[in-house]
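The structure appears right after this line, and notes come after that.
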């Protein structure tokens with residue numbers, strides 16, 4: 001230990017990199033940068049370029065200009081429902097699941113009876129992948145053999161929870177929220193544990209009620225957690241895919257942008273150009289959120 | 001860990017990534033040894049997998065030292081990757097489907113012409129040859145088995161209630177009405193996976209407008225807004241009240257189960273579907289009748305019977321070696337014999353052989369009936385998703401049919417939607 005710290009202080013005196021250090025730095029920085037370019041930026045740019053072609057993955061690449069986009073917006077019945085469903089997903093997770101997770105976290109943090117039990121039960125779905133959640137949802141919501149219809153004794157003309165295009169998106173959202181709530185709850189629990197109890201005491205002495213204390217004192221101190229919850233909610237809603245794919249391949253009322261991308265790109269005779277155009281739309285939407293978030297964060301940094 | 005060992009670790013890691021590809025590159029040398037044939041299989045389900053293994057073992061035993069090396073890939077994965085597979089490093093021989101789905105790859109130059117093999121093939125009907133032929137008139141596929149689609153039902157239920165197999169659409173509807181009175185779901189119906197309902201569409205279309213119309217509609221030559229297509233949907237709408245409700249939420253397994261439980265009376269299926277859902281003791285109770293006549297002009301000429309078979313991949317490196325090519329063609333020749341099909345079908349009785357030289361004496365009564373159905377057919381169709389461009393069937397037709405099932409009243413809007421998308425897709429190349 002002493003040897004290392006001695007070296008460190010020694011280096012502070014003459015902060016010069018030897019040629020070898022530079023080489024090592026170059027390699028260690030260069031490899032990740034190259035990987036980043038090859039694995040992240042390359043495909044992203046390729047998608048953008050391919051979205052202006054009609055490529056089927058085998059033949060020559062032919063330029064078609066903005067035709068894919070025109071097609072997408074005017075001539076692809078699944079596109080607008082998919083965009084709507086993605087937004088609905090965001091709204092549902094953000095306005096229902098996340099606040100519910102916060103509520104549960106507050107309740108558990110106050111130390112209700114069996115709180116350990118609730119905590120682990122509510123967190124359980126988080127360890128499952130969304131695809132598995134999708135399979136569980138099918139066991140419950142299936143029209144003919146599902147548990148829900150059996151429990152409510154609906155056998156005459158059973159409700160088709162997953163087949164009815166007006167209904168199934170809500171059922172799937174419920175299943176997705178089941179998982180998301182637990183996730184959010186754990187994050188808020190960690191945040192709440194870090195709130196200084198003396199703040200609450202001070203508020204109590206000043207005569208603040210429970211609700212006032214929470215909204216005026218506790219909630220603002222949770223700001224970093226709120227930001228994280230917001231970010232993961234946006235990510236979860238934009239990348240939502242596995243659960244609807246497990247249920248019915250994201251068709252018939254469960255369309256999502258991510259599913260349309262795979263539907264068009266993966267397969268025997270892929271419409272790679274067209275699929276890329278959808279992917280670019282998804283990218284643009286995500287960039288919207290990312291940029292807003294970054295701007296806010298940077299502004300917050302300045303104010304701090 | 002010191003910097004140096006870290007770097008060394010990185011170098012070893014990079015080596016580990018590149019080394020295997022180098023090794024395979026200098027493996028058996030270009031062209032292989034002339035005796036080993038690699039075969040890409042999509043038969044990942046246990047029953048067909050075992051049946052194929054038996055067939056290949058029988059080939060090896062009589063081939064004088066030739067070997068078949070099978071690479072089995074999960075069925076859906078194989079299907080989704082076929083594009084990349086055929087362009088990359090495919091096996092010499094691979095399993096695939098007849099019809100447009102084969103022609104598509106033939107046109108892209110990814111398949112080996114096996115017309116010379118076909119000159120010696122015996123026991124295949126003209127319809128089979130047509131389904132193995134590319135748009136350029138050359139043969140690319142060696143058919144192996146097929147499974148006809150029909151209206152399946154339980155023999156015992158029909159006997160119990162005195163139902164008669166209907167011959168015409170009117171009789172079909174009358175029977176359905178009677179079943180409804182008897183508190184049955186007349187027609188088990190499902191389309192959660194997106195494809196099962198296509199069989200019903202195909203049959204109504206071919207019975208109404210004939211096989212030639214089916215072919216040109218699938219090839220994108222006829223407009224979907226044509227009044228003949230609307231007629232198909234109108235007839236279908238007439239049948240929907242007798243079909244199980246909630247089809248878009250039901251898998252074919254669930255639909256076949258309701259048939260087995262005698263909750264539903266009939267179902268339009270392929271041969272393996274009820275077979276897979278009926279317990280062993282009840283297999284003998286499965287029966288079927290051909291889809292009823294709609295337009296007497298076309299009668300029951302056409303039968304929907306998807307064909308699976310074997311093809312040679314053009315990009316396979318080993319096939320550049322003349323000897324390996326010869327071996328691969330020899331394997332196909334053997335697979336084209338009735339005897340080879342018998343070996344397979346002994347372990348997988350849910351299909352029927354394509355060759356009329358196959359021994360049908362060992363068939364179950366149901367299989368024999370299926371053979372009769374297919375051999376009596378003037379035309380054999382391959383199922384909607386095999387008779388048209390795959391991008392059209394999966395991105396346009398699956399959602400369109402599901403939409404029709406949940407809202408059957410807006411046929412005009414539906415066919416307009418299909419036609420607009422069809423135009424852009426078929427114009428793509």
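No value in this document is a laboratory result; all are computed from the given coordinates. Nothing here was measured: the structure is a model prediction, and the numbers come from that model. Here the Cβ is made from the backbone with ideal geometry for all residues, glycine too, and neighbour counts use every protein chain on show.
Here are the numbers:
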item: Alpha-carbon spread of chain B, three principal axes, descending order, Å; result: 80, 53, 49
item: Pair residue B:45, residue A:100: separation of 7 Å Cα→Cβ label points (nm); result: 3.8
item: Where labels lie 7 Å past Cα in the beta-carbon direction, separation of residue A:63 and residue B:160 in nm; result: 6.9
item: Inter-chain Cβ neighbour average for residues A:59-70, partner chain, 10 Å; result: 1
item: Kirkwood-type radius of the range B:207-276, with distances r between different C-alpha atoms, in Å; result: 14.4
item: Volume per residue of the C-alpha convex hull in the range B:360-411, rounded to whole Å³; result: 145
item: Computed over the range B:320-404, Kirkwood Rh from alpha-carbon pairs, angstrom; result: 16.0
item: Cα principal axis extents for the protein assembly as shown, largest first, Å; result: 90, 69, 51
item: Rg [Å, one decimal], Dmax [Å, integer] - the range A:79-254, C-alpha atoms; result: 18.9, 61
item: Bins of 5 Å from zero: percent of alpha-carbon pairs in the range B:249-297; result: 5, 19, 30, 22, 11, 7, 6, 1, 0
item: Cα gyration tensor, the range A:151-304 - rounded (a/c under 1.5), prolate or oblate; result: oblate
item: Mean ellipticity per residue at 222 nm, deg cm²/dmol - from DSSP H runs of n ≥ 4 across chain A, formula -39500 (n - 2.57); result: -21000 deg cm²/dmol
item: B:101, A:113 arranged by Cβ crowding within 10 Å, fewest neighbours leading; result: A:113, B:101
item: Exercise: per-residue mean of other protein chain Cβ atoms within 10 Å, A:156-164; result: 4
item: Average beta carbon contacts from partner chains per residue of A:22-33, 10 Å cutoff; result: 1
item: DSSP-defined beta bridges in the protein assembly as shown - what % are antiparallel, rounded to 5; result: 60
item: Relative packing of peptides A:119-131, B:349-361 - highest average C-beta neighbours within 10 Å first; result: B:349-361, A:119-131
item: The range A:87-131 versus the range A:23-53: alpha-carbon centroid distance in Å; result: 37
item: R0 of 25 Å, Cβ-Cβ distance residue B:170-residue B:221: FRET efficiency to nearest 0.05; result: 0.20
item: Förster radius 41 Å - calculated FRET efficiency between residue A:294 and residue A:205 (Cβ-Cβ, nearest 0.05); result: 0.55
item: Over chain A, equivalent-ellipsoid semi-axes from the Cα gyration tensor in Å; result: 39, 37, 18
item: Space enclosed by the convex hull of the alpha-carbon atoms of the range B:51-110, per residue, Å³; result: 112
item: Rg/Rg_ref, the range A:67-121, where Rg_ref = 2.2 N^0.38 Å and atoms are Cα; result: 1.96
item: Kirkwood-based shape ratio for the range B:277-429, expressed as Rg/Rh from alpha carbons; result: 1.06
item: Helix B:227-239 vs. chain B, principal-axis angle (Cα, 0 to 90°, nearest 10); result: 70
item: Cβ crowding within 10 Å averaged over residues, with B:332-338, A:45-51, B:72-78 ranked highest first; result: B:332-338, A:45-51, B:72-78
item: log₁₀ of I(q)/I(0) at q = 0.17, 0.24 Å⁻¹ - the range A:192-279, Debye sum with one point per alpha carbon; result: -0.76, -1.11
item: Cα-based Rg and Dmax for the range A:22-116, where Dmax is the largest Cα-Cα distance (Å); result: 23.6, 67
item: Simple label model, 7 Å out from Cα along Cβ direction - residue B:423 to residue B:378, nm; result: 3.4
item: Square roots of 5 times each gyration tensor eigenvalue, C-alpha, the range B:33-151, largest first, Å; result: 22, 18, 18
item: Kirkwood hydrodynamic radius (C-alpha pairs) into Stokes-Einstein, the range A:43-176, 10 °C and 1.306 mPa s, D in µm²/s; result: 83
item: Sorted by Cβ neighbour density within 10 Å, fewest at the top, the residues A:237, B:115; result: B:115, A:237
item: Extension gain (nm, one decimal) between residue B:263 and residue B:35, 0.36 nm per residue minus Cα-Cα; result: 76.7 nm
